[in-house]
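A.B. asks: Quick one: structure below, then a few questions.
The values are calculated or read from the model by the stated rules, or taken from the named source; none is laboratory data. The structure displayed is predicted, hence computed values, not measured ones. In this analysis, Cβ positions are derived from the backbone assuming ideal geometry, glycine residues included, and neighbour counts consider all displayed protein chains.
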Amino acid sequence: MMASFSAEQLAQAAFDLKLIDDRQLRDVWSFLGSRNVSVEEFSEILLRRELLTGYQLNRLQRGEKKGFFFGNYKILYLVGRGSFARVYRAVHTVTGEVVALKVIRRKVATNPQKVEDFYHEGEVGLTLRHPNIVAVQEVAQHEKSHFLVMEFVEGRNLREFIKIRKQCAPDEAIHLIKDVAAALDYALRKGVTHRDIKLSNVLVSGRGTAKLADFGLAGAFDVDEAITHHTNPRTIDYAALERSTRVRRNDPRSDIYFTGCMLYHLLSGQSPLPETKNRVNRLTKSRFLKVVPIEKVLPELPHSLIVVVKKAMEIDPDRRYQSPKELLIDLEIAQRALSEPDPIQLLQQDDDTVIEDEESRASRRNKPRRSVMLVEADSKMQNVLRQHLKSRGFRVLMTGDPQRAIDRFQEAHHPAQCLVFSTVEVGESAVEAYEQFIGNPATIGIPAILLLGKEHQQWANRTDGRDHHVILQMPITLGHFREVLDRLVPHALV
């Protein structure tokens, strides 16, 4: 309820609370030429001259006398609020430095455990100094209030950002998530995980730099406690993921999963996980299993970026990125790929189109069909290779499971004359299967190809030097790929 003030009473209240000094008041009265003015007119001048903020003025007009200062910091206005704390823009009364104050709510401050957790957040924050982490400068107490003094980021959080923008272009989304991954990589090297990765905890500065905030849950809570007692709603998503995947709390791969969720949201404009406040629904494993693949939501998304989203959000933690650094490396590769040709598109561009006459086609039809098995989990790549090789007279078998392919070759009759392992989607498990295949006495004589994605240069030396064991590095053309197959699997004599 607004208190009834005259202009002079409002001026006196502001003066008594040290929000305005005597010289400033004299200047205002002098400008107005009289003290017999309305509260509205007087207030307008204070706002126009930036002597008070709207937040301060509203509190004064309600007759409030507390909450204008915390220690040496004067509150300018409210930035954000949650169930745990409020965040204000504030200014140091001596230095004039603008900061953010995170002040624990009064009802929370009565709980000693939550106050301890709040100080834990501050202590963790004090140890982290990185351009992509909101810096904590001080942990302080004023009377019965507990607060953190933090770097003030002029901008908005990612939730507000995407609400306005709806979707981000791939290069912009990569840039923002790279900043988050860099922050997580730095923190992990300090022994700290975040445990509350979400859009509202990432601030975007006016220059477009993403800064990760709120390390308050870093190692502070137990998964079982969150599930059993529901002590902190912010732990529930992490608890559900970690219970479903049977990993320990503070596993850094949990932060990676939810970073992948943010990337998915920025690209598509929608959350990959159904957003609900129902605790039971949030704790179910099915919530993670029912994620619509990003390539179905955005079929036109570059393949390299699809791979990053899917690997970051792998429900199996062992198939997920194992560290923020791995995620950062692949984000950089995906970013470079935006300005380079898609290797799959290059495969589709055959540099050796052959025009056959009817006699040639008849001759090819009469020859025994050659066969090849491909280990490739990417559906787009499967279609490209299958269609091309079938048109060249090959019988083509496909599988996305490297071990299943090897098992087929243990049978009495080999399913194909050549086995191709592609790392484009399968990754290092395809390399390991290739090495197993070419090292097995039962299959060592069978031609094999390891087809590396262009970001997998580090595996290019994983061969035994035999002529019929070949490693190819993307990007390549279909013509080149076919030439290698023709050499390894020549036409049978008829």
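A.B. asks: Here are some residues: Ser38, Ser34, Ser83. Which one is loosely packed, with under 12 Cβ neighbours inside 10 Å and under 27 Å from Gln113 (Cα atoms)?
C.D. replies: Ser83
A.B. asks: Does region 55-63 contain at least one residue that is within 26 Å of Val202 (Cα to Cα) and either touching a Phe, Trp or Tyr at 6+ places or on another chain (Cβ under 9 Å) or β-branched (Val, Ile, Thr) (or both)? Before the answer, list the steps.
C.D. replies: Restricting attention to region 55-63, the residues satisfying the condition of being within 26 Å of Val202 (Cα to Cα) are 55.
Pick out the ones that are also either touching a Phe, Trp or Tyr at 6+ places or on another chain (Cβ under 9 Å) or β-branched (Val, Ile, Thr) (or both) and you get 55.
Yes, region 55-63 contains a residue that is within 26 Å of Val202 (Cα to Cα) and either touching a Phe, Trp or Tyr at 6+ places or on another chain (Cβ under 9 Å) or β-branched (Val, Ile, Thr) (or both).
A.B. asks: Looking at Glu97, Glu50, Glu41, Glu8, can you tell me which residue is on the phi < 0 side of the Ramachandran plot, free of Cβ contacts under 8 Å to residues at least 12 places away in the same chain and either out of contact with any Leu (no Cβ under 6 Å at 6 or more places or on another chain) or not charged (D, E, K, R) (or both)?
C.D. replies: Glu97
A.B. asks: Now for a separate question. Which members of region 90-114 meet the condition of being farther than 17 Å from Gln141 by Cα and of a type outside the set (Ser, Thr, Tyr)?
C.D. replies: Passing the criteria: Val94, Gly96, Glu97, Val98.
A.B. asks: Please pick out the residue among Ser304, Ser271, Ser323, Ser254 that is surrounded by 14 or more Cβ atoms within 10 Å (Cβ to Cβ), within 23 Å of Asp179 (Cβ to Cβ) and free of Cβ contacts under 8 Å to residues at least 12 places away in the same chain.
C.D. replies: Ser271
A.B. asks: Being assigned to a loop (DSSP other than H, G, I, E, B) and assigned by TED's automatic domain parsing to the domain that holds Asp179 narrows it down to one of Thr259, Thr284, so name that one. Spell out how you get there, then give the answer.
C.D. replies: Values: Thr259 fails: assigned to a loop (DSSP other than H, G, I, E, B).
Unique residue meeting the criteria: Thr284.
A.B. asks: Please enumerate the residues belonging to region 58-76 that are on the phi < 0 side of the Ramachandran plot and without any contact (Cβ under 8 Å) to a residue 40 or more places away in the chain.
C.D. replies: Within region 58-76, Asn58, Arg59, Glu64, Lys66, Asn72, Ile75, Leu76 meet the criteria.
A.B. asks: Can you find a residue in region 46-67 that is closer than 21 Å to His142 by Cα and hydrophobic (A, V, I, L, M, F, W, C)?
C.D. replies: Yes, because at least one residue in region 46-67 is closer than 21 Å to His142 by Cα and hydrophobic (A, V, I, L, M, F, W, C).
A.B. asks: Evaluate region 92-105: report whether one residue or more is in the same structural domain as Glu138 (by TED's automatic domain parsing), farther than 21 Å from Val153 by Cα, at pLDDT below 90 and in contact with a Lys or Arg (Cβ under 9 Å, 6 or more places away or on another chain).
C.D. replies: Looking through region 92-105, at least one residue is in the same structural domain as Glu138 (by TED's automatic domain parsing), farther than 21 Å from Val153 by Cα, at pLDDT below 90 and in contact with a Lys or Arg (Cβ under 9 Å, 6 or more places away or on another chain).
A.B. asks: State whether one or more residues within region 435-444 are under 22 Å from Arg369 (Cβ atoms), surrounded by 14 or more Cβ atoms within 10 Å (Cβ to Cβ), at pLDDT 85 or above and within 34 Å of the chain's Cα centre (by Cα).
C.D. replies: no
A.B. asks: Here's another thing I want to ask about it. Among the residues of region 135-185 satisfying the criterion of being assigned to a loop (DSSP other than H, G, I, E, B) and within 17 Å of the chain's Cα centre (by Cα), which is surrounded by the most Cβ atoms within 10 Å (Cβ to Cβ)?
C.D. replies: Selected residue: Cys168.
A.B. asks: Please verify whether Val103 is of a type in the set (A, V, I, L, M, F, W, C) and loosely packed, with under 14 Cβ neighbours inside 10 Å, treating the condition exactly as stated.
C.D. replies: So Val103 does not fit the description; no.
A.B. asks: Right, another one. Filter the helices (runs of 4 or more DSSP H) completely within region 388-494 down to those with at least 1 residues that are in contact (Cβ under 8 Å) with a residue 12 or more places away in the chain and farther than 30 Å from Leu331 by Cα.
C.D. replies: Answer list for region 388-494: 402-408, 428-439, 478-488.
A.B. asks: Now for a different question. Take Leu19 and decide whether it is in contact with a strand residue (DSSP E or B) (Cβ under 8 Å, 6 or more places away or on another chain), touching a residue at least 24 places away in the same chain (Cβ under 8 Å) and at negative phi. Lay out the reasoning, then the answer.
C.D. replies: Values: in contact with a strand residue (DSSP E or B) (Cβ under 8 Å, 6 or more places away or on another chain): yes; touching a residue at least 24 places away in the same chain (Cβ under 8 Å): yes; at negative phi: yes.
Taking the combined requirement at face value, the residue satisfies it.
A.B. asks: A follow-up question, please. Return the residue satisfying two criteria in turn: it lies in region 60-88 and is part of a strand (DSSP E or B) and within 27 Å of the chain's Cα centre (by Cα), and of such residues it is nearest to Ile20 (Cα to Cα).
C.D. replies: Restricting attention to region 60-88, the residues satisfying the condition of being part of a strand (DSSP E or B) are 69-70, 73-81, 85-88.
Within this subset, residues satisfying the condition of being within 27 Å of the chain's Cα centre (by Cα) are 79-81, 85-88.
Details: Val79: 22, Gly80: 25, Arg81: 27, Ala85: 27, Arg86: 24, Val87: 23, Tyr88: 19 Å.
Going through the qualifying residues, I end up with Tyr88.
A quick yes/no check of all residues on (1) of a type in the set (Ser, Thr, Tyr); (2) touching a strand residue (DSSP E or B) at 6+ places or on another chain (Cβ under 7 Å):
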residue	(1), (2)
Pro402	no, yes
Ile406	no, no
Pro415	no, yes
Glu425	no, no
Glu435	no, no
Ile444	no, no
Thr463	yes, yes
Asp467	no, no
Thr477	yes, no
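A.B. asks: Would you pick out the residues in region 22-35 that are part of a helix (DSSP H, G or I) and in contact (Cβ under 8 Å) with a residue 24 or more places away in the chain?
C.D. replies: Once the filter is applied, which keeps residues that are part of a helix (DSSP H, G or I) and in contact (Cβ under 8 Å) with a residue 24 or more places away in the chain, region 22-35 yields only Gln24.
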